[in-house]
Amino acid sequence: MKLWNRKQRPKRQAPSAPPVEPLTLPALLWLLAALLLAVVPHAWELPVWLTVAFYGVAGWRGMIALRDRRLPPRGLVLVVAVLAGGGVLIDFRTLFGRDAGVALLVAMTACKLLETRGLRDGVVLVFLGYLLVMSNLLYSQEILMVAYLFGVVLTMLAAQVMIHRQHAGFKALAPLWLTGKMALRAIPVMLILFLLFPRIPGPLWGLPRDAYKGRTGLSEEMMPGTVSELSKSDEVAFRARFAGPVPPPDQLYWRGPVLWNFDGRRWSSGDRAPRSTPVPFTPEGEALEYTVILEPSNRIWLFALDLPAILPPQSGMTPSFQLLRQQPINEVYRYQMRSYPRYRTGGLEAAERNRGLWLPRSGNPRARELAAEWLARPLQPAAMVDAALALFREQAFYYTLNPPLLGSNSVDEFLFRTRQGFCEHYASAFVFLMRAAGVPARVVTGYQGGERNTFGDYLIVRQSDAHAWAEVWLEGRGWVRVDPTAAVAPNRIQEGLYAAVADAEDLPFLIRRGGDSAWLRQLAMGWDSLNNSWNEWVLAYGPDRQKEFLSGLGFGPVDWADMTVAMTVALGVLGLLVAGLRLRNQGSRDPVARAWERFCARLARRGLARDAHEGPLAFAERVAINRPELAESARAIGSLYALLRYGSGFSAEGIRQLQRLVREFRV
Amino acid sequence: MTSLVEDRLDLAIRQVGSIILGKERAIRLALTCLLARGHLLIEDLPGMGKTTLAHALAHSLGLHYQRIQFTSDLLPADILGAAVYERQREAFVFHPGPIFAQLILADEINRATPKTQSALLEAMEEGQVTIEGETRPLPEPFFVIATQNPAYQIGTFPLPESQLDRFLMRIELGYPDAQAERALLEGEDRREVLARLPVAMTPEQLQEAQARVGGVHVAPPLLDYIQALLAFSRQSNRFRGGLSPRAGLGLLRAARAWALLHRRGHVLPEDVQAVLAAVISHRLHPGEDSLEQSAGELVNQLLTAVALPP
């Protein structure tokens, strides 16, 4: 009351521990179990010492509880906390970012366990536990992980129930049943929120940069070895679903970064800035309509078949027909595309022509000689393309995953000495020859082909489908795709990598198409199909998909405000439905119970609540003692209710009388 | 006619109450037990009036009364009786033991050996005894009040759980309050008072009352309540092993008798709650969570934890 009187407050007595409601053993054990489960997936990323320490501390805490020992002194916990924080700092050289942050969270949760005595500590740990659960999603959002985390959340909920209802006397797995039922009931609300909560484009919050590291995929540059390394990975790059039939493999060129610049060994982009409208070209023939579900790559590249004619939202197209999104793709991204497999592009500007012919001043002399020889014949550009392809086809070139290493004159060494290479060697040498012979040319990287999954009828494109090919500019036709690899290893294009390379046994199982154990493959395909649905419907459910969904329901174009209204209405309807069900249940109950409940509710409002186990006569007697002026009417109601409820025989008169008594009952 | 039996029961309660002062609840429970055709176990320290209660009940209800003092050398034949050879008649003649009475006080039952205890308990269960191949029915009504000293006393054979279950109720008398004790100290000898008391009802009237217990109405919500009590005792880990179906039956029967004793034709939850402690406290065992709790606390937890069905 007198806030200014603070100084006059009596001095604190000898410090006495505040009254703590202790955690019961079952509650603590549930909590430990939930925390242990939440940290399991982190074991793959955390430093080994930390994982071991966490489980050690949790086990120790469990033993303390089981054997009824004392907790370690506060000082020791402090030392452990400082050591753990120091350990994380030394290991990661920072306390920030995804990995260090998660490690710190795990370490501090362990420390909190060591000082957990009472109910409040338990609640804090539960929320730390939910944070641990969520942090797992920073590493993986696959189905299995999410299913596992759902289980962990149930356990965590059970721990929470145990903490808050310590003395309810649950047996064994009973709390898990309870939370399971609670979770089931929450599903409609969850679905409404998931489907209708307004999504905004782009991530809601930024994640530390290290959250997206370690993605495999194409790189911005191409050197001998970059694509062939990637070819050994069976990770999915993206999946594509076609509106019509899947086009033949020689049309499945998924266009990625276009590389113009060559320094004698390394190809790099040099592409122009993207525009916000599609680059025009003259389509010939039918368009292909399809949907791409892109896995996170931490790149801004979107892949599309040659040549893309439309732009997904918030993306642009470079003059070389490469699609770029504004933000890096850090979550599964789904977009609609339209491409024309047969096309003619327009003319060539002088600047572009120069870049398409640019070569380093020196190096690779023998290749230049060969090109000069063609020029001297003289050959038309188209004939030069044929000559180069004939060279690859007729000489003893090999298509291999493990080509010999090349020195500084990489093109020369490859063309005239080793003659063993992967697609990047062929593309690079081909473009070099073309440029030396005065034909504008460029390297295109991306993916070629893909595996058809009959379960979901879509195409899986893996990192192993990574490919590099060439484009030359020919008068009258514009940019024309030439794939020198097709000349050397036609199987690569038609049937995929496994059929084309000699050393295919090094490849992971999933890449070895049509190889061994058909049923295992079937299983893998079924699983992939499930993953694809998960990607399409859960992970890629962004603003566009949400609008699609709502317009599919018959709504017109919607914005976030409409969505909020829709969500509120849906939640309201759900609430009304539940309330209605409850009301109906109540309405169907007999009038005797309703009258009695009204009577009890009236008294409860005056602070005289009936205990759940209190019988009608006992309650009436208690009312009579507490409020003597109500004694008569309360006793009358109590005994009449008891008679109607527990007596034999039904009496309409009695019910009316009870209703009248309750109506006239004034507190 | 209807009210006659109930009036007589009330009279009996008043009469016994004038002997055992301040113990009306225990007297009512004892009478309830008798009406429900169950047997009663009184567990208390010596000198609390156990014997007096039994004696007063027998006298007031006009029952043939026998007291058996259990000792460690008591044999089954001392209770049941034995066939003795009579020379004049040149035959074995059965001499019935003290068990052939309508109200038996088995005093300090835990002092006898298990063999003797089980002889009594079997007779209680069957309502008849078999001696040397011949089955003899026990009189009607047949009511056993056993007393037991708390088990920590030396030289006793505590009744095993399975035997405890044969008793419908177990009650404690406890010390009288100050007022009752004062009256006891001031008044004349209770035995003399007892001798002067008229008989409140005949055994036939008692049997009629017993017969009417089964007619007390039990509504479905009440059965719901009893089932909820049983279910909770089985599900909660405060108890080791829940209540048996026999306990449930006993609870219902006792509640009916209690309702009858209170002039009601139907059972209320209050009736169940009134007899709950007496009927189940000796059948309920603490679980791991509540080892230190007394039987009374356990029953109270059960009672408060289970809500009345709506």
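The values are calculated or read from the model by the stated rules, or taken from the named source; none is laboratory data. Everything quoted here is computed from the prediction, not taken from an experiment. Here the Cβ positions follow ideal geometry from the backbone for every residue, glycine too, while neighbour counts run over all protein chains shown.
Can you pull out the residues in the range B:131-186 that are exposed (fewer than 12 other Cβ atoms within 10 Å of the Cβ), among the hydrophobic types (A, V, I, L, M, F, W, C) and in contact (Cβ under 8 Å) with a residue 24 or more places away in the chain?
B:151
For the range A:337-352, what are the residues that are more than 17 Å from residue A:253 (Cα to Cα) and either aliphatic (A, V, I, L, M) or part of a loop (DSSP other than H, G, I, E, B) (or both)?
A:346, A:347, A:348, A:349, A:350, A:351
Out of the residues in the range B:283-305 meeting the condition of being surrounded by 21 or more Cβ atoms within 10 Å (Cβ to Cβ) and outside any helix (DSSP H, G or I), tell me which one is farthest from the other protein chains (Cβ to nearest Cβ).
Checked the range B:283-305; the qualifying residue farthest from the other protein chains (Cβ to nearest Cβ) is B:283.
Could you check the range A:302-312 and list, in sequence order, the residues that are under 20 Å from the mean Cα position of the chain (by Cα) and either assigned to a loop (DSSP other than H, G, I, E, B) or surrounded by fewer than 22 Cβ atoms within 10 Å (Cβ to Cβ) (or both)?
Result: A:303, single match.
Within the range A:325-338, does at least one residue satisfy the condition of being buried (at least 19 other Cβ atoms within 10 Å of the Cβ) and farther than 20 Å from residue A:545 by Cβ?
For the range A:325-338, residues buried (at least 19 other Cβ atoms within 10 Å of the Cβ) and farther than 20 Å from residue A:545 by Cβ: absent.
Do we have any residue at all in the range B:249-264 that's out of contact with any Gly (no Cβ under 9 Å at 6 or more places or on another chain), in a helix (DSSP H, G or I), touching a residue at least 12 places away in the same chain (Cβ under 8 Å) and among the aromatic types (Phe, Trp, Tyr)?
yes
For a quick check of your reading: which helices (runs of 4 or more DSSP H) sit entirely within the range A:558-667 and have at least 3 residues that are within 14 Å of chain B (Cβ to nearest Cβ) and either in contact (Cβ under 8 Å) with a residue 12 or more places away in the chain or of a type in the set (Val, Ile, Thr) (or both)?
It comes to A:591-605, A:616-626, A:631-646.
For residue B:8, are the conditions met, namely being free of Cβ contacts under 8 Å to residues at least 24 places away in the same chain and assigned by TED's automatic domain parsing to the domain that holds residue B:180?
In short, no.
Identify, from the list B:241, B:248, B:174, the residue that is under 18 Å from the mean Cα position of the chain (by Cα) and at positive phi.
B:174
Given the residues A:98, A:93, which is the only one that is touching a helix residue (DSSP H, G or I) at 6+ places or on another chain (Cβ under 6 Å), at pLDDT below 90 and not acidic (Asp, Glu)?
Exactly one of A:98, A:93 is touching a helix residue (DSSP H, G or I) at 6+ places or on another chain (Cβ under 6 Å), at pLDDT below 90 and not acidic (Asp, Glu), namely A:98.
For residue B:208, are the conditions met, namely being part of a helix (DSSP H, G or I) and facing chain A (nearest Cβ under 10 Å)?
no
Of the numbered conditions (1) surrounded by fewer than 20 Cβ atoms within 10 Å (Cβ to Cβ); (2) in contact with a Gly (Cβ under 7 Å, 6 or more places away or on another chain); (3) within 14 Å of another protein chain (Cβ to nearest Cβ), residue B:203 satisfies every one except a single condition; which is it?
Checking residue B:203 against (1) surrounded by fewer than 20 Cβ atoms within 10 Å (Cβ to Cβ); (2) in contact with a Gly (Cβ under 7 Å, 6 or more places away or on another chain); (3) within 14 Å of another protein chain (Cβ to nearest Cβ), the one that fails is (3).
Out of all the residues in the range B:257-282, which are facing chain A (nearest Cβ under 10 Å), touching a strand residue (DSSP E or B) at 6+ places or on another chain (Cβ under 8 Å) and buried (at least 21 other Cβ atoms within 10 Å of the Cβ)?
B:259, B:267
I need a count of the residues in the range B:178-198 that are of a type in the set (Lys, Arg) and touching a Pro at 6+ places or on another chain (Cβ under 8 Å).
0
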